[in-house]
Amino acid sequence: MFEKMDIIQHSKPFVDKKEAEAIKDVILSQQIAQGEKVKEFEEILSRYLGLRGAVACSSGTSALHLVLKAMEIMEGDEVIIPSYTCIAILNAIRYTGATPIYADIDPTNLNIDPYDIKKRITHRTKAIIVPHMFGSPASIDSIIDFGLPVIEDCAQALGATYKNKKVGTFGYATVLSFYATKVITTGEGGMILSNFHELLNKAMDLREYDNKSDNRLRFNYKMTDIQAQLGIVQMGRINQFLSRRKEIAKQYINQLKDLAIDVPPYNPESIYYRFILKVLSGSADYVIEEMKKRGINCEKPVFIPLHKLLKDNELNLPITEDAFKRCVSIPIYPALKEHQVKQILENSKAVLEETLN
Ligand SMILES: *Cc1c(COP(=O)(O)O)cnc(C)c1O
């Protein structure tokens, strides 16, 4: 037998016996589809964010789609989003037939730039989707000031704050994802939260198709009680998850800030869903390749900026292009062991020093 190299994954869920046992109880109860556990999980999250109501969904994507449908966004409408984000947002807009309009990002936090949004607002703009990327809050108050409906995408930022107020509490609606490697997980899953009952009721109606007597087109985007139970246990651990992320981020910042990279100072309002290094010389691809040789999987924080998927790519988003070329995401998650954090630090230092030569 040969020794398998201990590869450090880029991301990983934190689940153990506690989740396994809790799910077992739900399964043995025979109530395994959407029921009381889903309701309880919705209540836990509305309380956590201090919002009036929640609608659990099968994924973050379906939650986004339902919000857009409930807002009656359709072909001919425009929705502003950053290009430097998860393609799920683009998919949800395309399901409705509306047109995505891409804005550039702020280089200091890699989030959608309010000044760039302003240039792209037209009479067709029906909504702005603001993902708080990588756990760090976007300048949400300046975006709210445009007076258009804002959907906050907190798939990567549950628990983060902006000016001491939780992100997800500023906009018209908020969307979460509970995919395996998100802040908390239900395997797959998502949620809509809002203070507006009309939106919540519409979304709830569109989420399920049974026992309806009109011919409105509906979906099956429900969460199961098994998933909800997993989420309930995970919410019991959220403070521990967030403080561990912050603790690792502090170590990374302290030890990497003097190297050939652009490391912003510690931000107590970020939850450090991702830890991003901006390489000052050389490319992100080089660093990712070298780290992989050392048994550490790093990734580009965004697989591909969305505007690069356009056929006639005439859009000029210089900050997005630069981030795509230079940003590297190194592993940061609560399941990381202390010796792995050390290993990541030592190897990052060595690789980054190489880029200087
Ligand atoms: C993961 C993610 C989504 C999509 O969530 P799914 O549950 O995978 O459908 C949407 N937006 C952002 C910012 C994400 O990180």
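Brief remarks on what is shown
- Heavy-atom accessible surface of region 198-357: percent carbon and sulfur, 1.4 Å: 49
- Taking amide H atoms as placed 1.01 Å from N in the peptide plane, the amide H of Tyr162 lies under 5 Å from those of Val167, each 5 or more residues away in sequence or on another chain.
- Cβ charges +1 (Lys, Arg) and -1 (Asp, Glu), total dipole of region 184-225, debye: 120
- Taking 0.36 nm per residue of sequence separation and removing the Cα-Cα distance, the Tyr266/Asp106 pair yields an extension gain of 55.9 nm.
- Anisotropy class of the chain from Cα gyration tensor, a/c 1.5 cut: oblate
- At R0 = 30 Å, FRET efficiency that the Cβ-Cβ distance of Glu346 and Asn164 yields, to 0.05: 0.25
- Within the same chain, aspartates and glutamates fewer than 8 places from Lys165 are excluded, and of the rest, those with a Cα less than 13 Å from its Cα are Asp141, Glu269.
- The residues of the chain present an accessible area of 47 Å² per residue when probed at 1.4 Å with all protein chains retained.
- Distances between placed amide hydrogens fall under 5 Å for Thr125 paired with Glu78, all partners being 5 or more residues away or on another chain.
- Overall form of region 75-124 per C-alpha gyration tensor (a/c, 1.5; a/b vs b/c): oblate
- Estimated distance in nm for a label pair at Asp145 and Lys311, the labels positioned 7 Å out from Cα along Cα-to-Cβ: 3.9
- Mean residue ellipticity (222 nm) of the chain, computed from DSSP H runs ≥ 4 via -39,500 (n - 2.57), nearest 500: -12000 deg cm²/dmol
- Neighbourhood net charge (10 Å Cβ-Cβ; Lys/Arg +1, Asp/Glu -1) for Pro264: +1
- Gyration tensor (alpha-carbon) shape descriptor, region 185-270, a/c threshold 1.5: prolate
- Amide H contacts under 5 Å for Ala103, placed H, 5+ residues apart: Ile81, Ser83
- By accessible area, using a 1.4 Å probe on protein heavy atoms only, region 16-84 has 50% of its surface on carbon and sulfur.
- Placing pseudo-labels 7 Å out from each Cα toward the beta carbon at Lys325 and Phe196 gives an inter-label distance of 4.0 nm.
- Accessible surface ranking that places the most exposed of Lys24, Lys278 first, with a 1.4 angstrom probe: Lys24, Lys278
- Expressed to the nearest 5 percent, the antiparallel share of DSSP beta bridges inside the chain is 55 percent.
- Using the Cβ-Cβ distance between Lys118 and Ala20 with R0 = 56 Å, the FRET efficiency computed as 1/(1 + (r/R0)^6) comes to roughly 0.70.
The values are calculated or read from the model by the stated rules, or taken from the named source; none is laboratory data. Just so we're clear, the structure is a prediction, and the values are computed from it rather than from any experiment. Here the Cβ is made from the backbone with ideal geometry for all residues, glycine too, and neighbour counts use every protein chain on show. The accessibility values were calculated without ligands, DNA or RNA, using every heavy atom of the protein model including side chains. Shrake-Rupley method; radii C 1.70, N 1.55, O 1.52, S 1.80 Å.
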